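Here is the structure we will look at, set down as structure tokens.
The values are calculated or read from the model by the stated rules, or taken from the named source; none is laboratory data. As the structure is a computational prediction, the values presented were derived from the model and not from experiment. Cβ atoms come from the backbone with ideal geometry, glycine included; neighbour counts cover every protein chain shown. Areas reflect the complete protein model, heavy atoms only, side chains present, ligands, DNA and RNA absent. Shrake-Rupley method; radii C 1.70, N 1.55, O 1.52, S 1.80 Å.
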Amino acid sequence: MLWHDFKALLGALGLSEQALHIYGGVIVYALALKLSRRPPADLLPLVVVLFAALLNEGQDLKNAVDWRKTLELTEGIGDVVNTILLPACYTFWSRHRRRREASPPPPEPAPVHASPP
């Protein structure tokens with residue numbers, strides 16, 4: 001069974017191709033995190049998801065009929081965005097959280113003393 005046939009089979013089961021891209025991106029991201037043993041704030045798992053998304057879209061373009069190449073290319077950009085959106089949001093949220101936790105807390109304001117009358 002070819003990759004295109006596998007995607008068609010999953011589509012026949014009721015999942016839209018857009019949903020497949022979202023689920024696939026999250027699954028590839030989780031596997032990349034687990035196998036690389038990197039923290040979610042690291043960019044390597046996100047790069048793995050991007051590589052997988054581009055590889056998938058390359059396969060889709062290869063299987064496209066010549067007159068549909070332009071249409072497939074524009075759809076492919078949306079597919080790549082759908083694939084990497086959730087992993088990218090989680091990665092950048094993790095990076096922001098880690099940066100916030102590493103920075104020292106702001107200094108306490110000096111207490112205000114009441115002056116005697």
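Miscellaneous remarks
- Residue 101 buried (at least 17 other Cβ atoms within 10 Å of the Cβ) and at pLDDT below 90: no
- Pair list, Cβ under 7 Å, 6 or more apart: region 12-39 residue within 13 Å of residue 80 (Cα to Cα), other residue assigned to a helix (DSSP H, G or I) and open to solvent by 90 Å² or more (accessible area, probe 1.4 Å): 22/86; 25/86; 26/86
- Matching residues, region 18-44, being assigned to a helix (DSSP H, G or I), in contact with a Pro (Cβ under 7 Å, 6 or more places away or on another chain) and either open to solvent by 40 Å² or more (accessible area, probe 1.4 Å) or of a type outside the set (A, V, I, L, M) (or both): 25, 26, 29, 36
Table: residues versus (1) open to solvent by less than 80 Å² (accessible area, probe 1.4 Å); (2) at pLDDT 75 or above; (3) closer than 20 Å to residue 19 by Cα.
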{"residue": "56", "(1), (2), (3)": "yes, yes, yes"}
{"residue": "61", "(1), (2), (3)": "yes, no, yes"}
{"residue": "68", "(1), (2), (3)": "yes, no, no"}
{"residue": "74", "(1), (2), (3)": "no, no, yes"}
{"residue": "78", "(1), (2), (3)": "yes, yes, yes"}
{"residue": "81", "(1), (2), (3)": "yes, yes, yes"}
{"residue": "86", "(1), (2), (3)": "no, yes, yes"}
{"residue": "89", "(1), (2), (3)": "yes, yes, yes"}
{"residue": "92", "(1), (2), (3)": "no, yes, no"}
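- Residue within region 4-17 that is surrounded by 12 or more Cβ atoms within 10 Å (Cβ to Cβ), at pLDDT 75 or above and in a helix (DSSP H, G or I) present: no
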